[in-house]
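Peer 1: Structure incoming, see below.
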Amino acid sequence: RYCHRQGRDAIVRRKPRARNWYDVPIGSDAFQMQFTLTHGNCVSLAIYAYDMDAFQMLENKKEPIESVFREPLDWYSSRESSSAKRIVCRHEAAVFDTGEQEAIFDWMIRTFDFLMDALVFAGVWER
C-alpha cells in the first residue's frame, strides 16, 4: 500500500506472500531485484543474478555500479556452489517496529532507485 501511495506501482506489481523476500522483476533475462527482511533487524536489496554468466557480466561493471550507487555492496555472500548469485546492500532496521516502517519503506524505494540508476549508468540495464 505504501508504494501505491507513493506512486511506485512498478515496484509492487506482484502480490506479496508470507515469506521474508519479495522479488521485483525489472524486465531483464539476466537478473531481478529482491528485497529481503532478516531476523527483524535487517532489510536488504539485492541484485539476484540468475546464473554465473549474469553475475560475471555485473561483476565486470562493478566499478561503475559502485561509483554511482555509493552504498556498500556485498558481491560475494552467495554460496560458492550456487548457480544464482546475489549482490546485496544491507540496512540495519527495526523491521517490526511500526513506528519505523515508513522510514524503512522510504529506504527501500530510495535504494531501489539508486541501484537502478547505477545499473543504467554501467550499461547493464535500460529503463
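The values are calculated or read from the model by the stated rules, or taken from the named source; none is laboratory data. None of the values given here were measured: they were computed from a predicted structure. Using ideal geometry, Cβ is built from the backbone for each residue, glycine included, and neighbour counts are taken over all protein chains shown. Surface accessibility is based on the protein's heavy atoms, side chains included, excluding ligands, DNA and RNA. Shrake-Rupley method; radii C 1.70, N 1.55, O 1.52, S 1.80 Å.
Peer 1: Go over the candidates R110, R86, R90, R70 one by one and state the one that is at pLDDT below 95, open to solvent by 20 Å² or more (accessible area, probe 1.4 Å) and either in contact with a Lys or Arg (Cβ under 6 Å, 6 or more places away or on another chain) or among the basic types (K, R) (or both).
Peer 2: Selected residue: R70, the only one of R110, R86, R90, R70 that is at pLDDT below 95, open to solvent by 20 Å² or more (accessible area, probe 1.4 Å) and either in contact with a Lys or Arg (Cβ under 6 Å, 6 or more places away or on another chain) or among the basic types (K, R) (or both).
Peer 1: If N60 satisfies all but one of (1) surrounded by 13 or more Cβ atoms within 10 Å (Cβ to Cβ); (2) modelled with pLDDT of 95 or more, what's the number of the condition it fails?
Peer 2: Result: N60 passes all but (1).
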